[in-house]
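Participant: What follows is a structure written as structure tokens; I'll ask about it next.
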Amino acid sequence: MQIALLGGLLGLLYWVAGNAVSNLAERGIRTGFDFLFHPARFPISESIIHYTPSDSFLWAFVVGVANTLWLSVIAVVLATIGGLFLALAQLSKHPLLSRLAVGYVTLFRNIPLIVQLLFFYGLVTSSLPAPRDAFQRVSGVFLSLRGVYAPTLVMGPGGGWVIAASILLLIAVIRVGHRRFRHIRLLRRLPAYAAIWFLGSIVIWWLADVPLGLESPALHGLNFRGGMYLSPEFAAITIGLALYTTAFTGEIIRGGIEAVDKGQWEGGRALGLRDRQIMFRIVLPQALRIIVPPMTSQYLSTVKNTTLAVAVGYPELGLVVNTVINQTGQALESIMVMLGVFLTVSLTVSLIMNRFNAKIALVER
Amino acid sequence: MANPNIPAKRSAIHRLFTLLFGDWLSILLTVLSLGIVIGLVPAFNWAVLDAHWTVASPAECRAGGACWAFISAKLNFILFGLYPPEEQWRAIIVVIVIVMLVLATLSPKMWGGRLLVLWAAGIAVMLVLMNGGILGLAYVPTSKWGGLPVTLLLAVLSLGLAFPFAIVLALGRRGSLPVMRNVSIFIIEIVRGLPLVGLLFVAAILLPLFLPPDWTIDKLGRTLAALTVFAAAYLAEVIRGGLQGLPSGQIEASQALGIPYWRMVWHIVLPQAIQKVIPPLTNTAIVMVKNTALVLIVGVFDMLSAARSAATDPAWPGPSTEAYLFVAGIYFVICYGIAAYSRHLEAGINSRNHS
């Protein structure tokens, strides 16, 4: 019976492949991955790494992946912090706050993410003025239909080295602090870390003698130039994704906290600890073990949800793949790239979270 | 002793006061919550007090405030898309049939073979009504289908078609045949690793490539295929959870009695396994209802697409916010309704089990 099954599957695959080959030949579509090294010749509206239309298709995919990961990281971080606050708000005895939190979860969980994204995008683009009459609530920060423009620090040549040295200093400070001063509480150590790093960075900058200036956006013709730029597409997808995911992470964290045995609270109270101490020192660390597995799948679905940015036009991997398919017709290869990227991300995130899970599970005796 | 009611009353107020202003944190939280509530006031003003419910001409909406008159003017279009207006009663009946079927499915009294027959009959009736061409009904091509019936049909059909596949995949993954097991794991993990948008691209672009040229599936059918595959993978994992929770003695006993495999699955394994996983199944159903909104990306004219294209009418001053809010409201009613109803049923089952 197994042989029949295997034979049937191979037959189906052979049939599909044969159809694909004849269809591709009939439509005159080239196959193979060598198109990846041809110039892409299409613009990508924004990216966190450098891209010009003369770069290769391969680089366009890399840019898409980078944007996807960037969006995912921001959404996951915001949603984790937001989820913790939401969970605590839901569990708090404060009558008004807990009701607001429950209302938030009910509302955001029961409306499709794409509707929320389009809503926020519509809100951002319809309620803001054209660049010419941009709002300027804070001096130098311009809020308009085209997005947010804000002043940014610009460094002269050699600025990259200064930043790299500063990051190295930060890592060194944390490592030395963890090794030598472990007996001091982490909360006491953190301000010291920050102070040493900040002063050290200023010294590095001064020694390197790199000019540092503030670049403000200025109106040129119909739009702003210079400064830091946040597009309405990016704003809509970030706000939408973070708010939506927060409702889910909040529920996961709340579930984890509620699953911790009531005896832990009673024990803590018997020892004379305050509720806040019990929550952060006894209950939350134990809840973490329950929270990690569902949180992993939530993070993964957030990464997958970033593809909805297609609907508002933020150029993450899905939109780049779509554009490449329209340009080259090489749908099979492009979708295989997308599949490969998402499977890699899924496996990597599961691996990291499993490691983390194993680490916190060790505490159990 | 004084009247015991008075201290009790005062203590209730006192308790509330302590909760709200008892210590610094409580005061902070109260101020924060009040801040949130006050922050919502402009939104309330916009949506209710300054809103335009009926207008003589779209230009009146330029005064600011929500333009709900836009929704009533475009209601037919958002709900039914391009479906011919004189045939819209058919689309309304389809929506009613779907709601009835869902209500019947959620009630435990109906579970069993009868339900399958009911669903098959219901789906046949709905497709005949939507499509027409027989029984004197005018033919309406799928390119004219739109709005709420499309959203509901996609959700219901993808879940219904996915269910048998999901059962086979789940049994295969748990079973002893290595080929079947590995194929099931491969399919489930690949589909779950891909975003639905990716699958919709696959269906819209690759599916025609994989089939012989003379087989044509229209856009709606291809989208339905993608949603079905997606739902099957997720449902399979839910059902697998139920299978894992089944005591192995049940299967061993039926094997000892010599019950054939499929009869054992139908009469012994599935009824128990599925009953264990009703809450996650309902959850998957809600997720699929929300996922149908994604078909907008491949150009299927569901309720959300209809709302989006209604909002581009230049006669009205930028009513996209109202249009999306209206669609969000409908999705909310559907999803919250399913969730609340299933919670109600679950509570009923639990109290029966405990008594």
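Participant: In Å, what is the Rg of the alpha-carbon atoms in chain B, and how long is Dmax?
Facilitator: For chain B, the Cα-based Rg and Dmax read 25.9, 93 Å.
Participant: Taking all protein chains as present, what is the carbon and sulfur share of the accessible area of the stretch B:117-176, in % to the nearest whole number, probe 1.4 Å?
Facilitator: Values: 1940 of 2590 Å².
Ligands and nucleic acids excluded, carbon and sulfur give 75 percent.
Participant: If the cut-off is 16 Å between C-alpha atoms, which aspartates and glutamates fall inside it for B:K276, apart from same-chain ones fewer than 8 positions away?
Facilitator: Partners within reach: B:E237, B:E346.
Participant: Let me ask something else. Suppose all protein chains stay in the model; what accessible area per residue would a 1.4 Å probe give for the stretch B:185-327, in Å²? Let's see the in-between values first.
Facilitator: Details: 5780 Å² over 143 residues.
Ligands and nucleic acids excluded, the result is 40 Å² per residue.
Participant: A further question follows. Report Rg(Cα)/(2.2 N^0.38 Å) for the protein assembly as shown, keeping two decimals.
Facilitator: Details: Rg = 28.9 Å, N = 720, 2.2 N^0.38 = 26.8 Å.
Taking the Cα Rg and dividing by 2.2 N^0.38 Å, one obtains 1.08.
Participant: Which ³J(HN,Hα) values in Hz, rounded to whole numbers, follow from the phi angles of the stretch B:164-181 under the Karplus curve 6.51 cos²θ - 1.76 cosθ + 1.60, where θ = phi - 60° and Gly and Pro get x?
Facilitator: x, 4, 4, 5, 4, 5, 5, 5, x, 5, 8, x, 9, 7, x, 5, 4, 5
Participant: Which residue fluctuates most in the GNM of chain B (Cα springs below 10 Å): B:L25, B:L135, B:L294?
Facilitator: Maximum fluctuation in the GNM of chain B, among the listed residues, is at B:L25.
Participant: Shifting gears a bit: Under the rule of at least 5 residues apart or a separate chain, name every residue whose amide H is placed under 5 Å from the amide H of B:D302.
Facilitator: Those lying under 5 Å, H to H, from B:D302 are B:G147.
Participant: Okay, next question. Please identify the longest segment of chain B free of exposed chymotrypsin sites (Phe, Trp or Tyr not before Pro), where exposed means a DSSP state other than H, G, I, E or B and no more than 12 other Cβ atoms within 10 Å. Don't jump to the answer; show the numbers that get you there.
Facilitator: Working: sites that count: B:W53, B:Y139, B:W215.
So the longest stretch without any such site is B:216-355.
Participant: Based on alpha-carbon atoms only, what is the radius of gyration of the stretch B:83-291 relative to the globular estimate 2.2 N^0.38 Å?
Facilitator: After normalising by residue count via 2.2 N^0.38 Å, the value is 1.13.
Participant: Further, regarding this structure: Rounded to the nearest Å, what's the spacing between the alpha carbon centres of the stretch B:173-188 and the stretch B:221-277? Just the number, please.
Facilitator: The distance from the Cα centre of the stretch B:173-188 to that of the stretch B:221-277 comes to 14 Å.
Participant: How large is the translational diffusion coefficient of the stretch B:197-286 in µm² per second when you combine the Kirkwood radius over alpha carbon pairs with Stokes-Einstein at 10 °C and 1.306 mPa s?
Facilitator: 101 µm²/s
Participant: Something else: Summing -39500 (n - 2.57) over the DSSP H runs of n ≥ 4 in chain B and dividing by its residue number, what mean residue ellipticity at 222 nm do you reach, to the nearest 500 deg cm²/dmol?
Facilitator: Taking each H run of at least 4 residues, the total per residue is -22500 deg cm²/dmol.
Participant: Label points 7 Å out from Cα along the Cβ direction at B:N283 and A:L10: separation in nm?
Facilitator: 4.1 nm
Participant: At 7 Å along Cα-to-Cβ for each site, give me the label-to-label distance between A:R355 and B:S176 in nm.
Facilitator: A separation of 4.0 nm, rounded to one decimal place.
Participant: Right, another one. Please give me the summed charge of the neighbours of B:A339: other residues whose Cβ is under 15 Å from its Cβ, Lys and Arg +1, Asp and Glu -1.
Facilitator: Here the charged neighbours net out to +1.
Participant: If you don't mind, another one. With θ set to phi - 60° and the Karplus curve 6.51 cos²θ - 1.76 cosθ + 1.60, what are the ³J(HN,Hα) couplings of the stretch B:252-267 in order, to the nearest whole Hz, using x for Gly and Pro?
Facilitator: Computed from phi, the couplings for the stretch B:252-267 are 4, 4, 6, 5, 4, 7, x, 6, x, 3, 5, 5, 4, 4, 6, 9 Hz.
Participant: If R₀ is 22 angstrom, what is the calculated FRET efficiency for the pair B:L118 and B:W262, using the beta carbon separation as r and rounding to 0.05? Spell out each step's value before the answer.
Facilitator: Numbers: r = 22 Å, r/R0 = 1.00.
Efficiency, rounded to the nearest 0.05: 0.50.
Participant: Counting only the backbone N, which residues of the stretch B:166-187 are under 12 Å from the spot 7 Å out from the Cα of B:Q255 toward its beta-carbon?
Facilitator: Inside the label zone: B:175-177.
Participant: Calculate the mean, over all residues of peptide A:115-123, of how many other protein chain Cβ atoms lie within 10 angstrom of the residue's Cβ. Don't jump to the answer; show the numbers that get you there.
Facilitator: On the way: counts 15, 4, 1, 12, 7, 2, 2, 10, 4.
That average works out to 6.
Participant: Could you report the buried accessible area between A and B, both sides summed, computed with a 1.4 Å probe and given in Å² to the nearest 100?
Facilitator: 4500 Å²
Participant: Something else: Check cross-link reach from A:K262 to the aspartates and glutamates: straight Cα distance under 17 Å, and skip same-chain residues fewer than eight apart.
Facilitator: Candidates past the 8-residue exclusion: A:D275.
Participant: Once the Cβ-Cβ distance between B:N76 and A:M336 is put in as r, and R0 is 41 Å, what FRET efficiency do you end up with, to the nearest 0.05?
Facilitator: After rounding to 0.05, the efficiency reads 0.45.
Participant: Which of the residues in the stretch A:68-113 lose at least 10 Å² of accessible area when you go from the chain alone to all protein chains together (probe 1.4 Å)?
Facilitator: A:K93, A:H94, A:P95, A:L96, A:L97, A:L100, A:T106, A:L107, A:R109, A:N110, A:I111, A:P112
Participant: Check cross-link reach from A:K304 to the lysines: straight Cα distance under 16 Å, and skip same-chain residues fewer than eight apart.
Facilitator: B:K290
The values are calculated or read from the model by the stated rules, or taken from the named source; none is laboratory data. Just so we're clear, the structure is a prediction, and the values are computed from it rather than from any experiment. Cβ coordinates were reconstructed from backbone atoms using ideal geometry, including for glycine residues, and neighbour counts include every protein chain displayed. The accessibility values were calculated without ligands, DNA or RNA, using every heavy atom of the protein model including side chains. Shrake-Rupley method; radii C 1.70, N 1.55, O 1.52, S 1.80 Å.
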